[in-house]
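Written below as structure tokens is the structure these notes are about.
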Amino acid sequence: MASPFRDRVYVTWTRFTDFFSKQKASFSAPIMLSYSDDGLSWSPGKAISGFSPTLCNARILGAPGQCDVNQESYPAVAPDGKVYVSFTNFNTIVNSQILVVSSKDGGSTWGPPARVDFIQEGNLPLSPEGEPVLTGCRFRLTAKSNTATDPNDPTGNTVYVVWADSRNGSWDPDLGNFRTNSDVFLGRSADGGMTWSVLPVDSSLNDQFFPWVAVAPDGRVDVGYMDRAYSASQAECRYGYSLTRLTFSASGDLASSVKSRLDSSLSDPGNSFWFGTNSAFIGDYSAIAVDTGGRTWALWTDERAPVSEADLRRGQHAVAALAP
């Protein structure tokens, strides 16, 4: 790697300003970034989520055009040292959106945000707690987008973002509510994050959610996610874990897509010591990584077995799988 910023570590977070204040009529939640070359000293945190009157056209309480109400940021570093950060932005009139910002100088300066896509959230029912949920379930749902770069692209211009939404959901008059059809989507950019194409990763029946993307050394794109396609119907709130591997042609067209199941048994959110039946939170702690040999390592929270009262592990177990 020729980058002068090799081995630099980047951390991003959301800074909530006056979020809990009842006295101040102001609120902002910019994405912040800090970096370190040794892990001991860190640069001062700086806001990087940017300004765009076109993209961030719904002022909440901050300045007009500021992309300053955000969550779920994920940094990724390209082979040439470019840094990309994707995040969910709420300065919109209807649906929230996934934005990406990038830096070519090790995080010192940042370009304007670019939109990957809108997150279609209108077809999600709400829980009694007011949180978006899946049909037949009660646990909190988020789009859970993350970023990955292509280690096989020396220009550093190929970058991916993955998320899930229920744009294909529909109103069910028998339920008197929306019937979700959450699918996983992949955004791909070949020009350094300026423009994006979007394709579905998995449009199977029932719901796919909580995705994560990683790229193999040869450029293969792996996406892991929770999957309700293995349960009998949406009448039961159970899920497994899937991995879809995609390859792209030199021109950027999808060349292949192969799905496999990684779990060995379905999880039931009702198997939770602390939360009990109709768990309102199952933990969105899942991810995948690809090693230098091209093997995929997956990790997710698993609730396949009931938990006794003597067991204080909450019924949320970290389960890992390896895909050769």
- prompt: Restricting the search to the stretch 204-242, which residues are polar (S, T, N, Q), assigned to a loop (DSSP other than H, G, I, E, B) and touching a Lys or Arg at 6+ places or on another chain (Cβ under 9 Å)?
  reply: Ser204, Asn206, Ser231, Gln234
message: Just to be sure before I move on: is Phe178 among the aromatic types (Phe, Trp, Tyr) and modelled with pLDDT of 95 or more in the structure I sent?
response: no
- prompt: Can you find even one residue in the stretch 259-266 that is within 30 Å of Ala76 (Cβ to Cβ) and out of contact with any Asp or Glu (no Cβ under 8 Å at 6 or more places or on another chain)?
  reply: yes
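Residues are listed down the side, and each one gets a yes or a no for (1) farther than 18 Å from Ser257 by Cα; (2) touching a helix residue (DSSP H, G or I) at 6+ places or on another chain (Cβ under 9 Å); (3) surrounded by fewer than 22 Cβ atoms within 10 Å (Cβ to Cβ):
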site: Val161; (1), (2), (3): no, no, no
site: Trp171; (1), (2), (3): yes, no, yes
site: Phe185; (1), (2), (3): no, no, no
site: Ala190; (1), (2), (3): yes, no, yes
site: Gly193; (1), (2), (3): yes, no, no
site: Leu199; (1), (2), (3): no, no, yes
site: Ser204; (1), (2), (3): no, no, yes
site: Asp218; (1), (2), (3): no, no, yes
task: State which residue is modelled with the lowest pLDDT when the search covers only the stretch 58-94 and only residues that are within 18 Å of Gln120 (Cβ to Cβ) and surrounded by fewer than 21 Cβ atoms within 10 Å (Cβ to Cβ).
output: Val94
- prompt: Pairs under 7 Å by beta carbon, first residue surrounded by fewer than 14 Cβ atoms within 10 Å (Cβ to Cβ) in the stretch 32-43, partner among the aliphatic types (A, V, I, L, M), six or more apart or different chains?
  reply: Gly39/Val9
message: Suppose we filter the stretch 279-324 for residues that are part of a loop (DSSP other than H, G, I, E, B) and modelled with pLDDT under 90; how many remain?
response: 23
- prompt: Inside the stretch 23-49, can you point out the residues that are charged (D, E, K, R) and either at pLDDT below 95 or not in a strand (DSSP E or B) (or both)?
  reply: Lys24, Asp37, Asp38
query: So which residues in the stretch 173-202 are more than 21 Å from Arg140 (Cα to Cα) and free of Cβ contacts under 8 Å to residues at least 40 places away in the same chain?
result: Pro173, Asp174, Asp191, Pro200
query: Just wondering, is there one or more residues in the stretch 266-278 that are of a type in the set (D, E, K, R), assigned to a strand (DSSP E or B) and farther than 27 Å from Gln97 by Cβ?
result: no
Restricting the stretch 50-74 to residues that are part of a strand (DSSP E or B) and of a type in the set (S, T, N, Q), the residue that is farthest from the chain's Cα centre (by Cα): Gln66
- request: Could you list, in sequence order, all residues of the stretch 235-252 that are under 23 Å from the mean Cα position of the chain (by Cα) and of a type outside the set (A, V, I, L, M)?
  value: Cys237, Arg238, Tyr239, Gly240, Tyr241, Ser242, Thr244, Arg245, Thr247, Phe248, Gly252
message: Here is a check on your reading of the model: is Ser267 modelled with pLDDT of 85 or more, small (Gly, Ala, Ser) and over 30 Å from Pro151 (Cβ atoms)?
response: yes
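The values are calculated or read from the model by the stated rules, or taken from the named source; none is laboratory data. As the structure is a computational prediction, the values presented were derived from the model and not from experiment. Here Cβ is always computed from backbone atoms with ideal geometry, including for glycine, and neighbour counts include all displayed protein chains.
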